[in-house]
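Below: the structure, in structure tokens.
The values are calculated or read from the model by the stated rules, or taken from the named source; none is laboratory data. In this text the structure is predicted, and so the values were computed from the model without any measurement. Cβ sites come from the backbone with ideal geometry, for glycine too, and all protein chains shown count toward neighbours.
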Amino acid sequence: MFEAVHAKRYAERMTAYLGLGMQSHVIEVASKDGYLLQHFSKRGIPVIGIEPDHASAVRAMKARGIPTLTGSFGRDMARRLAAEGIDADLMVANNALFRVPDVDDFLGGFALLLNAEGVATFEIAPTSCLTPRMAEQLFAASGLRIFDVEPLSTHGSLQLFACRANSGWQRGPWVGRFVH
């Protein structure tokens, strides 16, 4: 139940925060069965899920009508999507960052696929052993910049907000508390 409320609130909040609409693109990496993306899709916002597990990707497409690519996300997939004219206004990766085998390739894909003022959010569980400071260094090496950090009520998790390094997003008030 909590996850359902969290997903819906996140979609509402990010839609308002970024002014998302029918011309926007929301992409979720490690999208599982498309549960989060359905809340954007119901608002008429184009979505794409990316899920390494084929069975989950099929469930997302069949049960929720969420277009979902099967495979690992990184620079190659980002280039293919960009070649199709897709650039992301919002990219989401919840608890995926610490699971990928090549963090540089993974984050490099975000830097390629985000549009000039696009935002990526990463939910990081406290058990991930990835501190915001470490994340800031990893992101910078891939052309991204963390511009805000928010504590979440979900088991002590943090949400990192990132953009391209040259984006106009300003540093938020929580960044100094978590990233020194």
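Within the stretch 120-131, residues that are in contact (Cβ under 8 Å) with a residue 12 or more places away in the chain reach partners that are assigned to a strand (DSSP E or B) and aromatic (Phe, Trp, Tyr) with beta carbons closer than 9 Å, at six or more positions or on different chains, in the pairs ALA120/PHE161; THR121/PHE161; PHE122/PHE161. Counting the residues of the stretch 37-59 that are surrounded by 24 or more Cβ atoms within 10 Å (Cβ to Cβ) and over 20 Å from ASN115 (Cβ atoms) gives 1.
Looking for something out of contact with any Gly (no Cβ under 7 Å at 6 or more places or on another chain), more than 29 Å from LYS8 (Cβ to Cβ) and at pLDDT 95 or above - is there at least one such residue anywhere in the stretch 114-128?
Taking the stretch 114-128 first, the residues out of contact with any Gly (no Cβ under 7 Å at 6 or more places or on another chain) are 114-116, 118-125, 127-128.
Add one more test, that the residue is more than 29 Å from LYS8 (Cβ to Cβ), and what stays is none.
Taking every residue of the stretch 114-128 in turn, none turns out to be out of contact with any Gly (no Cβ under 7 Å at 6 or more places or on another chain), more than 29 Å from LYS8 (Cβ to Cβ) and at pLDDT 95 or above.
Only a single criterion out of (1) crowded, with 19+ Cβ neighbours inside 10 Å; (2) among the β-branched types (Val, Ile, Thr); (3) farther than 17 Å from ASN95 by Cβ is not satisfied by VAL29, namely (3). Consider the stretch 57-79 and keep the residues that are of a type in the set (Gly, Ala, Ser) and more than 20 Å from PHE106 (Cα to Cα). The one that is modelled with the highest pLDDT is GLY65.
Quick check: anything in the stretch 17-30 on the phi > 0 side of the Ramachandran plot, touching a Gly at 6+ places or on another chain (Cβ under 8 Å) and modelled with pLDDT of 95 or more? There is no residue in the stretch 17-30 that is on the phi > 0 side of the Ramachandran plot, touching a Gly at 6+ places or on another chain (Cβ under 8 Å) and modelled with pLDDT of 95 or more.
Within the stretch 43-75, the set of residues being charged (D, E, K, R) and in contact (Cβ under 8 Å) with a residue 24 or more places away in the chain comprises ARG43, ARG59, ARG64, ARG75. Scan the stretch 129-171 for residues that are under 21 Å from GLY74 (Cβ atoms), modelled with pLDDT under 85 and within 17 Å of the chain's Cα centre (by Cα) and report the count. Qualifying residue count for the region: 3. Could you list, in sequence order, all residues of the stretch 8-39 that are in a helix (DSSP H, G or I) and under 13 Å from the mean Cα position of the chain (by Cα)? Answer for the stretch 8-39, where residues must be in a helix (DSSP H, G or I) and under 13 Å from the mean Cα position of the chain (by Cα): TYR10, ALA11, MET14, LEU36, LEU37.
Regarding the stretch 67-77, can at least one residue be identified that is of a type in the set (Lys, Arg), closer than 22 Å to PRO126 by Cβ and either in contact with a strand residue (DSSP E or B) (Cβ under 9 Å, 6 or more places away or on another chain) or surrounded by 13 or more Cβ atoms within 10 Å (Cβ to Cβ) (or both)? There is no residue in the stretch 67-77 that is of a type in the set (Lys, Arg), closer than 22 Å to PRO126 by Cβ and either in contact with a strand residue (DSSP E or B) (Cβ under 9 Å, 6 or more places away or on another chain) or surrounded by 13 or more Cβ atoms within 10 Å (Cβ to Cβ) (or both).
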